[in-house]
1. Across segment 126-143, which residue is surrounded by the fewest Cβ atoms within 10 Å (Cβ to Cβ) among those that are in a strand (DSSP E or B) and more than 21 Å from the chain's Cα centre (by Cα)?
2. When you look at Ser84, is it open to solvent by less than 40 Å² (accessible area, probe 1.4 Å), over 20 Å from Ile244 (Cα atoms) and not aliphatic (A, V, I, L, M), yes or no?
3. Among the residues of segment 62-71, is any assigned to a strand (DSSP E or B) and either touching a Gly at 6+ places or on another chain (Cβ under 7 Å) or of a type in the set (Lys, Arg) (or both)?
4. So, restricting to strands (runs of 3 or more DSSP E) that lie completely within segment 276-324, which ones have at least 3 residues that are under 22 Å from Leu90 (Cα atoms) and open to solvent by less than 10 Å² (accessible area, probe 1.4 Å)?
5. Out of the residues in segment 144-160 that are in contact with a His (Cβ under 9 Å, 6 or more places away or on another chain) and of a type in the set (A, V, I, L, M, F, W, C), which is surrounded by the most Cβ atoms within 10 Å (Cβ to Cβ)?
6. So, of the residues in segment 161-175 that are closer than 19 Å to Lys231 by Cβ, open to solvent by 30 Å² or more (accessible area, probe 1.4 Å) and charged (D, E, K, R), which turns out to be modelled with the lowest pLDDT?
7. Would you pick out the residues in segment 226-262 that are among the hydroxyl-bearing types (Ser, Thr, Tyr) and in contact (Cβ under 8 Å) with a residue 40 or more places away in the chain?
8. Quick check on segment 232-254. Is at least one of its residues within 15 Å of the chain's Cα centre (by Cα), surrounded by fewer than 16 Cβ atoms within 10 Å (Cβ to Cβ) and closer than 17 Å to Phe45 by Cβ?
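The values are calculated or read from the model by the stated rules, or taken from the named source; none is laboratory data. In this text, all values refer to a predicted model and were calculated from it rather than measured experimentally. Positions of Cβ are backbone-derived with ideal geometry, glycine not excepted, and every protein chain shown enters the neighbour counts. These accessible areas exclude ligands, DNA and RNA; they are computed on the full protein's heavy atoms, side chains included. Shrake-Rupley method; radii C 1.70, N 1.55, O 1.52, S 1.80 Å.
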Amino acid sequence: MITIPVAWMLNLVVVCLWLTDRPWRSWLSGVVLIAGVVLFGSRTFGWNQIKDLTGTGTQIKVFSYNVKTFDLNFGRDLNRYPSSPRFRRLANYVIHYDAPVKCFQEYYSKRTKPEYDFIKRFRQAGFIYSVILHPENVQSSGVAMGMAIFSIYPIVNSGREAFDLPNGLLWADVKIGNDTIRVINVHLHSMGIRIGKVLKKDEMSEVKHETRGILSALRTGFVERNLQVTKLQQYVKDSPHPVIITGDFNDTPYGVVYERMRRLLPNSFEEEGHGFGFTYNHMPNFIRIDHQFHDPRLPVLNFETINYVSDSDHYPIVGTYVVK
């Protein structure tokens, strides 16, 4: 699932090597390469051009970002220490980015410290409607962690379901003019990739131990995500309104979760994405695990991975849709 792009590159190298020596032997790797492009090419690379709105309808951008708790260090007293430059860049970016609906994973807010009170800061920026994964924590301790949806449009109905911390699912029925759409924000179980830790180990025994941990985490992740996506699909089927799904799926375009969602709804990157659209900002850097899927009644005009914003371990994604 993760190494398919690497396998393609190796087959391409093998084809080139055989062509210089024994061309007839290059056919097997060539067939594998062509089959991979035919089966998975649209999931891997986007050749699309940005579309303009034609006819009637309202454009709406849905912004999604795993912000990694805004780079906060919970091992220190947040009331005593100043925020980091990375935190300030990240906070200003997500607040001022021009999109009327914003969805966050690994979100954090602290009511007692103004700089970290993102519920209040978003409200002051015009996002007066919101859905939080654990609202009871906001009431009791003033702290919100996990996931959030913010909107400048009215949210007329909403719901939530927590999985394992900090994962879960939020949905908000957003009223745009006379129409209502349902935005679903998801964060599925982590992939458990810690390749950087493996590479830092000096002893082979330590490498083996860390590798076993990765394989175990991957297996657990496959099982948990498969169960969670079943719940997500039911939310889509039960929705009375056209749906846009966005978030951190922790699954590549070649995985089971992605395939199940793709059979239910079109993928926005495949329809209007550009380039490779990699969304993970740590090793391995060549994977796309943040996705958006949309109801065909909400056509997509453009889909972008904002890969020049690197203050989290993910890149933001944003889709532009038409509400007719």
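1. Filtering first and then ranking leaves Val143.
2. Yes: the conditions hold for Ser84.
3. Within segment 62-71 (the criterion being assigned to a strand (DSSP E or B) and either touching a Gly at 6+ places or on another chain (Cβ under 7 Å) or of a type in the set (Lys, Arg) (or both)), the answer is yes, since at least one residue qualifies.
4. 290-294, 317-323
5. Going through the qualifying residues, I end up with Met147.
6. Restricting to residues being closer than 19 Å to Lys231 by Cβ, open to solvent by 30 Å² or more (accessible area, probe 1.4 Å) and charged (D, E, K, R), the top hit is Asp164.
7. If the condition is that a residue be among the hydroxyl-bearing types (Ser, Thr, Tyr) and in contact (Cβ under 8 Å) with a residue 40 or more places away in the chain, then Tyr235, Ser239, Thr246, Thr252, Tyr254, Tyr258 are the ones that fit.
8. Checked segment 232-254: no residue is within 15 Å of the chain's Cα centre (by Cα), surrounded by fewer than 16 Cβ atoms within 10 Å (Cβ to Cβ) and closer than 17 Å to Phe45 by Cβ.
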